[in-house]
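The values are calculated or read from the model by the stated rules, or taken from the named source; none is laboratory data. Everything numeric here is computed off the predicted structure, so don't read it as measured data. Glycine also receives a Cβ, built like all others from the backbone with ideal geometry; neighbour counts cover every protein chain displayed.
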Amino acid sequence: MRKPVIAGNWKLYKTAPEALELVSGLMPLISGRSNVEVVVAPVFTVIDRVRAAIAGSGIFLAAQDCFWEEEGAFTGEVSPKMLADVGCSHVIVGHSERRQFFAESDAAVNKKIRAAVGAGLTVIFCIGETLEERESGNTFNVLSGQVSGGLEGMVPADMEKVIVAYEPVWAIGTGRTASETQAQEAHAFIRSQVSKLFNAEVAQSVRILYGGSVKPENIGGLIAQPDIDGALVGGASLKPDSFAALVNAA
């Protein structure tokens, strides 16, 4: 059985006091939920404060991005080694906002994934199509290219440190959510692509999350699908009650 994952991507929100208020409100609401892997991804500036606050709670700590070099003259970047050093166990890579606003290519995503796995981090690897790509019938072509490009050069053992997150770009922050059928179809296709790249055993063990306007009202139907193993959550992760409701539903 694949253990469900509910990961909260806080994006560019929460100062240190606000972040501490969030996790202090969240922890008692999900205490004892050992059957779900809970991850929070704050901004870089509050990672250390959040790490200290959630110590011993069972909540995993993620960063929202990383660079592929360990160190060097790369102003403004943070390496996987540095993230591990401050207590991160996970890192989000390839989010659609990184691809859209910072022109991240599949090749750049691949280098980040390989560097993060090499540093011992678990990667939440994001993929997904735009509305134009879906409406033109290119969803599967886009997903296939992102999966193969992002995982190029990796071996089956590396996939123990990879969680895939399918986030249709047209559903992120828009209030629109892929239907349960649409989401399941995409997840099943992604799993088939992982099987082609590696093998059936890897494909069956890799966890694939859904992201895109996930809320307590729609999480139940999504996570009931056979190939959906949890959610990467945006706005609903910014309030203790709504995020805890997602964790408890999983």
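The table that follows gives values for the structure above.
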| item | result |
| --- | --- |
| Close pairs from the stretch 62-87: first more than 22 Å from Trp10 (Cβ to Cβ), partner among the acidic types (Asp, Glu) and loosely packed, with under 12 Cβ neighbours inside 10 Å, Cβ under 8 Å, at least 6 apart | Lys81/Glu71 |
| Of the criteria (1) at pLDDT below 95; (2) of a type outside the set (Val, Ile, Thr); (3) over 18 Å from the mean Cα position of the chain (by Cα), which one Leu197 fails | (1) |
| Leu12 being in contact with a Gly (Cβ under 7 Å, 6 or more places away or on another chain) and of a type in the set (A, V, I, L, M, F, W, C) | no |
| The stretch 6-52: number of residues that are touching a residue at least 60 places away in the same chain (Cβ under 8 Å), in contact with a helix residue (DSSP H, G or I) (Cβ under 7 Å, 6 or more places away or on another chain) and among the charged types (D, E, K, R) | 2 |
| Filtered residues of the stretch 123-137 (kept if among the hydrophobic types (A, V, I, L, M, F, W, C), under 16 Å from the mean Cα position of the chain (by Cα) and within 16 Å of Gln100 (Cα to Cα)) | Phe125, Cys126, Ile127 |
| Residue under evaluation Met159, criteria (1) at pLDDT 95 or above; (2) surrounded by fewer than 19 Cβ atoms within 10 Å (Cβ to Cβ), criterion not met | (2) |
| Among (1) part of a loop (DSSP other than H, G, I, E, B); (2) buried (at least 20 other Cβ atoms within 10 Å of the Cβ); (3) of a type outside the set (Gly, Ala, Ser), the one test that Arg99 misses | (1) |
| In the stretch 172-200, the residues that are touching a Leu at 6+ places or on another chain (Cβ under 9 Å) and of a type in the set (A, V, I, L, M) | Ala178, Ala183, Ala186, Ile190, Val194, Leu197 |
| Residue match in the stretch 118-126 (condition: part of a helix (DSSP H, G or I), in contact with a strand residue (DSSP E or B) (Cβ under 7 Å, 6 or more places away or on another chain), under 27 Å from Glu18 (Cβ atoms) and modelled with pLDDT of 95 or more) | no |
| Residue in the stretch 33-47 that is farthest from the chain's Cα centre (by Cα), counting only those that are in a loop (DSSP other than H, G, I, E, B) and under 14 Å from Ala16 (Cβ atoms) | Val43 |
| Val93 being surrounded by 18 or more Cβ atoms within 10 Å (Cβ to Cβ), in contact with a helix residue (DSSP H, G or I) (Cβ under 9 Å, 6 or more places away or on another chain) and not basic (Lys, Arg) | yes |
| Leading residue by the ranking (nearest to the chain's Cα centre (by Cα)) among those in the stretch 54-67 that are within 17 Å of Val247 (Cβ to Cβ) and of a type in the set (A, V, I, L, M) | Ala62 |
| Enumeration of residues in the stretch 156-192 that are under 18 Å from the mean Cα position of the chain (by Cα) and under 19 Å from Val117 (Cβ atoms) | Asp158, Met159, Glu160, Lys161, Val162, Ile163, Val164, Ala165, Ile190 |
| Residue tally, condition hydrophobic (A, V, I, L, M, F, W, C), crowded, with 21+ Cβ neighbours inside 10 Å and in contact with a Ser or Thr (Cβ under 8 Å, 6 or more places away or on another chain), over the stretch 192-221 | 1 |
| Residue among Val202, Val247 that is closer than 21 Å to Ala62 by Cβ and either under 16 Å from the mean Cα position of the chain (by Cα) or not charged (D, E, K, R) (or both) | Val247 |
